[in-house]
Amino acid sequence: MNNGVFSDLKIFTCNAHPELAEEIAQLLGVRLGKSTVSKFSDGEINVSIWESVRNADVYIVQPTCNPVNDNLMELLIMIDALKRASAGRINAVVPYYGYARQDRKAKARDPITAKLVANLIQAAGADRLISMDLHANQIQGYFDIPVDHLLGLPILSDYFAQKGLEDIIVVSPDHGSVTRARNMAERLNAPIAIVDKRRPEPNKSEIMNIIGDVRGKNCILLDDMIDTAGTICNAANALKQLGAKEVYACATHGVLSGAAIERLENSVIKELVLLNTVPIPEEKRIDKMTFLSVGPIFSEVITRVYNGGSISELFDK
C-alpha cells in the first residue's frame, strides 16, 4: 500500500481496459477504487461508486476504444458520478482518444467529432485530460482544461535501440507521420524515408511512391495507430519490392479492426510492436506481435500531476 504517500489519490476504471488500470494502480502502490459499471436491460449504462471520493484527486483510466460509444459513455457517466460525489479533482486518463481522426472538416458538411468529444468530457465535469499520441496535436486546443499529451515514441525507440539492428532506416507510412518518424530517426541515429500514398476513401490507401533509399536496409515503419492495417501492410510490401532487407512496424495504438489481423498475418512485416493503450484480445494476437506497456509512463505522469511536477521533462531526453 501507499503508506500515506498518495493519501487522497484514487484510481478508478470502467470496462475498457481494467488490466492497464490495475497495473497503474500497482505501480503507484494504491488499490483500484471500488466501483461497478454495468448496464440496465435496455442497454443504458449504470455506474456505482462504492467508496468516498470527497476532495480526492481522482484518475479514471478509460481508453475510448472499441466499442467506442459504450466506452465513451462509461467515461462520461463516471465523471458525472464522481463530480456529484464531491471529488476534488477529476482527471480523465484516456490512453487512446476515440474519434480523433475526425479532427477537421476534410470536405463540406463534415463533423469535427474530436471537438465534440472534448466538449462532452468537459461538460461531464473533467478537470484534466491525460492522453497519449493524439492523432492530431491540435486536439489539445479543443479543450479548455489542461491536457497532458504523452508520447509513445520513447518507449518504441528504446525497444528498437536495444535490438541492435544494423543498417536501419525509419519510414513514415504517410506524410502525416513524417515528424514522428524524424524524431525516432534522431533517437536511433538513422535516416528516414517517406511513403507517398493517397487515400481514395476512408480505411483504404494506395502507395504512389517512396522517397528515400531503402535497398538493403532494415526498415522500421512508424505510425500512431494501426486500424485496418491496410496502410502499414501496403507500405511494407512496397518497401520489400524496392529491396528492403527486413521490415519492422510499430505503433502506439493497436486498434486492429476489420481484416487487420489477416492482413498482418499474411504481410511481409517481420515484427509488429504495439503499446497496450488499448486491450488486444487473445484471438487478435499473432506470433509476430510484441507488446510493450505504457503503465510505467502513466503512473509516473500521475505522480507528477499529483505532486505538481513537470511532465515535459519526461519527453525532453
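The values are calculated or read from the model by the stated rules, or taken from the named source; none is laboratory data. Quick caveat: nothing in here was measured; it's all calculated off a predicted structure. As a convention, Cβ positions derive from the backbone with ideal geometry for all residues, glycine included, and neighbour counts pool all protein chains shown. Side chains included, ligands, DNA and RNA excluded: accessible areas come from the protein's heavy atoms. Shrake-Rupley method; radii C 1.70, N 1.55, O 1.52, S 1.80 Å.
The table below gives the values:
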| quantity | calculated |
| --- | --- |
| Qualifying residue in segment 58-81 (condition: open to solvent by 40 Å² or more (accessible area, probe 1.4 Å), modelled with pLDDT of 95 or more and aromatic (Phe, Trp, Tyr)) | no |
| All positions within segment 120-152 that are under 20 Å from Ser299 (Cβ atoms), open to solvent by 10 Å² or more (accessible area, probe 1.4 Å) and out of contact with any Ser or Thr (no Cβ under 8 Å at 6 or more places or on another chain) | Asp127, Arg128, Pro146, Leu151 |
| Number of the condition not met by Ser41 [criteria: (1) free of Cβ contacts under 8 Å to residues at least 24 places away in the same chain; (2) open to solvent by 20 Å² or more (accessible area, probe 1.4 Å); (3) in contact with a strand residue (DSSP E or B) (Cβ under 6 Å, 6 or more places away or on another chain)] | (3) |
| Matching residues, segment 279-314, being under 15 Å from Leu150 (Cα atoms), aliphatic (A, V, I, L, M) and assigned to a loop (DSSP other than H, G, I, E, B) | Val294, Ile311 |
| Members of segment 225-236 that are surrounded by fewer than 24 Cβ atoms within 10 Å (Cβ to Cβ), in a helix (DSSP H, G or I) and in contact (Cβ under 8 Å) with a residue 60 or more places away in the chain | none |
| Unique residue being open to solvent by less than 20 Å² (accessible area, probe 1.4 Å) and farther than 29 Å from Ser131 by Cα when the list is Leu239, Leu264, Leu222, Leu256 | Leu239 |
| Selection count, segment 82-99, where residues are in contact with a helix residue (DSSP H, G or I) (Cβ under 9 Å, 6 or more places away or on another chain), surrounded by 23 or more Cβ atoms within 10 Å (Cβ to Cβ) and closer than 21 Å to Thr252 by Cα | 6 |
| For Gly164: the one exception among (1) open to solvent by 20 Å² or more (accessible area, probe 1.4 Å); (2) in contact (Cβ under 8 Å) with a residue 24 or more places away in the chain | (2) |
| Residue that is nearest to Val278 (Cα to Cα), among those in segment 103-115 that are surrounded by fewer than 13 Cβ atoms within 10 Å (Cβ to Cβ) and aliphatic (A, V, I, L, M) | Ala106 |
| Sole residue being in contact with a strand residue (DSSP E or B) (Cβ under 6 Å, 6 or more places away or on another chain), crowded, with 20+ Cβ neighbours inside 10 Å and part of a loop (DSSP other than H, G, I, E, B), chosen from Val273, Val247, Val214 | Val214 |
